[in-house]
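Accompanying notes for the structure given below.
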Amino acid sequence: MFTQTWFPVCLSSALPASGGIVGVELLGGRVVAVRSSSGEVAVFSAYCVHLGADLSVGRLDRDAIRCAFHGWRYGMDGRCLSANGTPVDPRARLFRFPTVETHGIVWAFNGSAPLFTLPQPDPPLPGTPVATRTLAFDQELAVDPWVVAAQTMDLQHFALPHEGKFVEDPNESVAWDEFSVGYRYHALMPGGEEYRVWASIHGSNIFWQQGTLDGRWFYWITGMAAPRARTTASFFSWGTHVLPGEPPEAAEEFLTRVQAFMFNLLAEDAPVLMTIHYTPGLLTRGDAALADFFSYLRRYPRANPARDFLR
């Protein structure tokens, strides 16, 4: 079973403001993300309960999803509204995931009700405009999302593959709550950058950081979807202040720099993550935070309430 967490489904830009349907693989099956003409966004199991037609090849009909095969219509709560002139069986409904749209991404929670909310930026200059970007990574990693998330808690690897030099020991600031863990990361990177953030994992698959790169504030979120077991699809969103009086292109140039910086870290990890046989073996004292993360994962709630709807 998959962990009960928020999984990214698609970029907001994939759903036109006037309404649309997108089908994607998720949790070993298939879902559809829908934006109604009124702007409401929801994520459902993708297959019509009549004969299993994929609703992503259907269309919106008066804010209902209309199956392309026999015209069955489903409302935004997932209930079947009409069955091509035959009486509607009260059991005829899609699975509707708890859904939010934030950071330019549509997210679905794997569970009947969310266990936590997604992190949001806390800018040091409230009221100042924020420039943002979003991106869906076009390459899947052949590991579960929690394996990628575990790299954030592998504090040794920042000083080895990434060659960062810690200004302060991150182990001293590790803080846990029921559904997240984070710490202060302050390091000088091999490119000369001063990287100073609060880095955290939310759920089992969401990387969040907020802080400064060479003194300028930014935030970054990586949401990792699970199209299938042992597969990770990544979505990214990041932003920074548009500072008063600076040239209009300055914020965009900084966002490009942040993207290059973060993607360089990802590129250093990718060859390992594409080939690793992840086995927590002979852990050392330096693996204390990572060992605690494994314990956190072992007790983390799992479910798949949509399982019977997704295939």
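The values are calculated or read from the model by the stated rules, or taken from the named source; none is laboratory data. Everything numeric here is computed off the predicted structure, so don't read it as measured data. Neighbour counts are summed over all protein chains in view; Cβ atoms, including those assigned to glycine, are modelled from backbone coordinates with ideal geometry. Note: accessible area is taken over every heavy atom of the protein model, side chains too, but ligands, DNA and RNA are not part of it. Shrake-Rupley method; radii C 1.70, N 1.55, O 1.52, S 1.80 Å.
The range 198-295: which trypsin sites (Lys or Arg not before Pro) are DSSP loop and have at most 16 other beta-carbon atoms within 10 angstrom?
Working: sites: Arg216, Arg228, Arg230, Arg257, Arg285; in loops: Arg228, Arg230.
The qualifying sites are Arg228, Arg230.
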- [ ] For Cα extents along the principal axes in Å, several values are listed as (i) 66, 37, 36; (ii) 69, 54, 31; (iii) 60, 43, 41; flag the one computed from this structure.
- [x] (ii)
TODO: Using the heavy atoms of the protein chains and a 1.4 angstrom probe, tell me the accessible area per residue for the range 29-86 in square angstrom.
DONE: 42 Å²
- [ ] Whole Å is fine, so just give me how far the alpha carbon centre of the range 249-279 lies from that of the range 87-133.
- [x] 25 Å
- [ ] Spit out the partnerless Cys residues in the chain, using Cβ distances under 4.7 Å as the pairing rule.
- [x] Cys10, Cys80
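I'd like the carbon and sulfur percentage of the solvent accessible area for the chain, probe radius 1.4 Å, heavy atoms only, ligands and nucleic acids excluded. Working shown, then result.
On the way: 7620 of 14220 Å².
Carbon and sulfur together cover 54 percent of it.
Can you give the accessible area per residue of the range 226-297, in Å², using a 1.4 Å probe?
Values: 3650 Å² over 72 residues.
I get 51 Å² per residue for the range 226-297.
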Open item on the list: Just want to confirm a number: the relative contact order over the range 53-117, from Cα pairs under 8 angstrom separated by 6+ residues, in percent.
Closed with: 17 percent
Task: Distance (nanometres) between label positions extended 7 Å along Cα→Cβ at Leu273 and Thr86 - done: 4.6 nm
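Shape verdict for the range 75-134, please, from the Cα gyration tensor: rounded (a/c under 1.5), prolate (a/b greater than b/c) or oblate.
Note, shape of the range 75-134 comes out prolate.
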Open item on the list: What does the C-alpha gyration tensor say about the overall shape of the range 134-264? Classify as rounded when a/c is under 1.5, otherwise prolate if a/b is larger than b/c, or oblate.
Closed with: oblate
Open item on the list: In Å and on Cα atoms, what radius of gyration and Dmax does the range 1-106 show?
Closed with: 13.2, 42
Task: Stretch in the chain that is longest and holds no GluC sites (Glu not before Pro) that DSSP places in a loop and that have at most 11 other beta carbons within 10 Å - done: 1-177
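Helix-only mean residue ellipticity at 222 nm, the chain, DSSP H runs n ≥ 4 weighted -39,500 (n - 2.57), per residue, nearest 500. What is it? Please list the in-between numbers first.
Details: 4 runs with 48 residues, N = 311.
So the calculated ellipticity at 222 nm is -5000 deg cm²/dmol.
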- [ ] Over the range 191-257, calculate the relative contact order: mean separation of alpha carbon pairs under 8 Å at least 6 apart, over the residue count, as a percent.
- [x] 20 percent
Task: the range 140-188: C-alpha gyration tensor shape, a/c 1.5 cut-off, then a/b vs b/c - done: oblate
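When ligands, DNA and RNA are left out and all protein chains stay put, how many square angstrom of accessible area per residue does the range 96-220 have with a 1.4 Å probe?
Working: 5410 Å² over 125 residues.
For the range 96-220, the per-residue accessible area is 43 Å².
What is the percent of Cα-Cα separations in the range 91-174 that go past 15 Å? Show your work: numbers first, answer last.
On the way: 2722 of 3486 pairs.
Distances greater than 15 Å cover 78 percent of the Cα pairs.
When only DSSP loop residues count, what trypsin sites (Lys or Arg not before Pro) in the range 1-95 have their Cβ near at most 12 other Cβ atoms within 10 Å? Intermediate values should be presented prior to the final figure.
On the way: sites: Arg30, Arg35, Arg59, Arg62, Arg66, Arg73, Arg79, Arg91, Arg93; in loops: Arg62, Arg91.
Sites meeting the loop and neighbour criteria: Arg62, Arg91.
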